[in-house]
Amino acid sequence: MNDQDHLNKKFSIPGIAKIEVGAGGLPRINVTSSLAESHIYLHGAHVTHFATRGQKPLLFLSEKSFFSSDKPIRGGVPICFPWFGPKAGDSTAAMHGFARLLAWEIGGITARPEGTVGVELQLKSSDQTRARWPFDFQATYQINVGKNLELRLRVTNQSTQNVSFEEALHTYLSVGDVKSVAINGLAGRRFIDKVDGAKEKTQTGHITITGETDRVYLDTTDAVTVDDPALSRKLIVRKGSSSSTVVWNPWIAKAKAMADFGDDEWPHMLCIETANVAANAVSLAPGATHEMWAVIEEAK
Ligand code: BG6
């Protein structure tokens, strides 16, 4: 019995959830319920697709994405953990941490009577993770595929000392035309402008995207809404136990420079990332647990 048969025997739910070979030969969980459909790769615990029944996908996935066990997937919801961006003091470490580069294990798949399907994935510290980050932890990721996409990342410190880490649910929203979207929910907030020498600035009014945008909004716990006139819809990212919000679009030149992103794809995506980074990094006492969550949905 191969790995996939073994996983299906243990976890599949006939007609609702099954493990199949996805792009690049990587295993993925396909969920199809009465409410929604989703694709979830074990590589990086990466949700690459979510759509409610009969509606357009909420997530962007690059046509040029790598699907390889040593590279992150471009699009969907990469998990950044235990650091965000480059690792401080270690230029050889992978950008955004190792969680998006490792194979997570399935903890369980459950179907609820009202149609929501819950998938639980797990990642534990190992020699591989300790080589980069000398702490013991257990991460559990609960993905609820229903009338919205609910994501819960729970981290337990299994070390004997305090541990501090950064995390992000690096959500790539699918938009019709990023040049015409209006992003609400961050007015009056402080942000680090990563495309302007990491200067600290204050947001006036709503955000529009008029060039490369890479901003970390600090101390932000409110929901963010994205008005997308080109697709005639409004997306909402609600969240909990998250104090940072990252807004990212690479625009023209950076899109061209990325090998795993199409030159013309930048107008069709916008990252609104539910995070705890920089001054909002999480500090956990031995044995303590932290759970950050995000809900991504279309406003009705
Ligand atoms: C964003 C960062 O969250 O992710 C950007 O703020 C970065 O600086 C972007 O360019 C994409 O990162 P990566 O590693 O997936 O190319």
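The values are calculated or read from the model by the stated rules, or taken from the named source; none is laboratory data. Only a predicted model underlies this, so the values are computations on that prediction, with no experimental measurement involved. Positions of Cβ are backbone-derived with ideal geometry, glycine not excepted, and every protein chain shown enters the neighbour counts. Remember, those area values only see protein heavy atoms, side chains included, never the ligands or the DNA or RNA. Shrake-Rupley method; radii C 1.70, N 1.55, O 1.52, S 1.80 Å.
Go ahead and run the numbers for FRET between K254 and K9, Cβ-Cβ distance against an R0 of 35 Å, rounding to 0.05.
Taking R0 as 35 Å, the efficiency between K254 and K9 is 0.20.
Would you mind getting the Kirkwood hydrodynamic radius of segment 236-300 from its Cα pairs, rounded to one decimal in Å?
14.3
What percent does the relative contact order of segment 1-157 come to when contacts are Cα pairs within less than 8 Å and at least six residues apart?
It rounds to 17 percent for segment 1-157.
Go ahead and set up a Gaussian network model of the chain, Cα springs under 10 Å, then flag whichever of L173, L231, L101 fluctuates most.
Looking only at L173, L231, L101, the largest GNM fluctuation is found for L231.
Using the Cα gyration tensor of segment 60-156, with a ≥ b ≥ c the square roots of its eigenvalues, what is the shape: rounded (a/c below 1.5), prolate (a/b larger than b/c) or oblate (neither)?
Oblate.
Just the number please: accessible area per residue for segment 32-143, 1.4 Å probe, all protein chains included, in Å².
41
Over segment 1-142, one equal point on each Cα, no solvent: what is log10 I(q)/I(0) by the Debye formula at q = 0.11, 0.18 Å⁻¹?
Log10 of I(q)/I(0), two decimals: -0.43, -1.08.
For segment 163-300, compute Rh as the Kirkwood radius over C-alpha pairs and then the Stokes-Einstein diffusion coefficient at 25 °C and 0.890 mPa s; write the answer in µm²/s, rounded to an integer.
158
Filter the GluC sites (Glu not before Pro) in segment 97-178 down to the DSSP loop ones having no more than 10 other Cβ atoms within 10 Å, then list what survives.
E114
What percent do you get for the relative contact order of segment 208-300 when only Cα pairs under 8 Å and 6+ apart count?
Once divided by the residue count of segment 208-300, the mean separation gives 34 percent.
Would you kindly work out the equivalent ellipsoid of the chain from its C-alpha gyration tensor and give its semi-axes, the square roots of five times the eigenvalues, largest first in whole Å?
28, 24, 18
Compute the signed sum of charges (Lys and Arg +1, Asp and Glu -1) over the other residues within less than 11 Å, Cβ to Cβ, of A281.
Its environment carries a net charge of -2.
At what distance in angstrom do the alpha carbon centres of segment 33-99 and segment 104-139 lie from each other?
Centre-to-centre (Cα) distance: 14 Å.
Helix-only estimate, please: 222 nm mean residue ellipticity of the chain, summing -39500 (n - 2.57) across DSSP H runs of length 4 or more and dividing by its residues, to the nearest 500.
Calculated from helices alone, the mean residue ellipticity at 222 nm is -2000 deg cm²/dmol.
How high is the relative contact order of the chain? Use alpha-carbon pairs under 8 Å, at least six apart in sequence, and give a whole percent.
Answer for the chain is 17 percent.
Fully extended, how many nm does the chain gain between R112 and K56 (0.36 nm per residue separation, minus their Cα-Cα distance)?
Residue separation times 0.36 nm, minus the Cα-Cα distance, leaves 17.8 nm.
Using a 1.4 Å probe over the heavy atoms of the protein chains, calculate the carbon and sulfur portion of the accessible area of segment 158-239 as a whole percent.
44
Let a ≥ b ≥ c be the square roots of the eigenvalues of the Cα gyration tensor of segment 52-95; is it rounded (a/c under 1.5), or, if not, prolate (a/b larger than b/c) or oblate?
In terms of gyration-tensor shape, prolate.
Classify segment 1-42 as rounded, prolate or oblate, taking a ≥ b ≥ c as the square roots of the eigenvalues of its Cα gyration tensor: rounded when a/c is under 1.5, otherwise prolate if a/b is larger than b/c and oblate if not.
oblate
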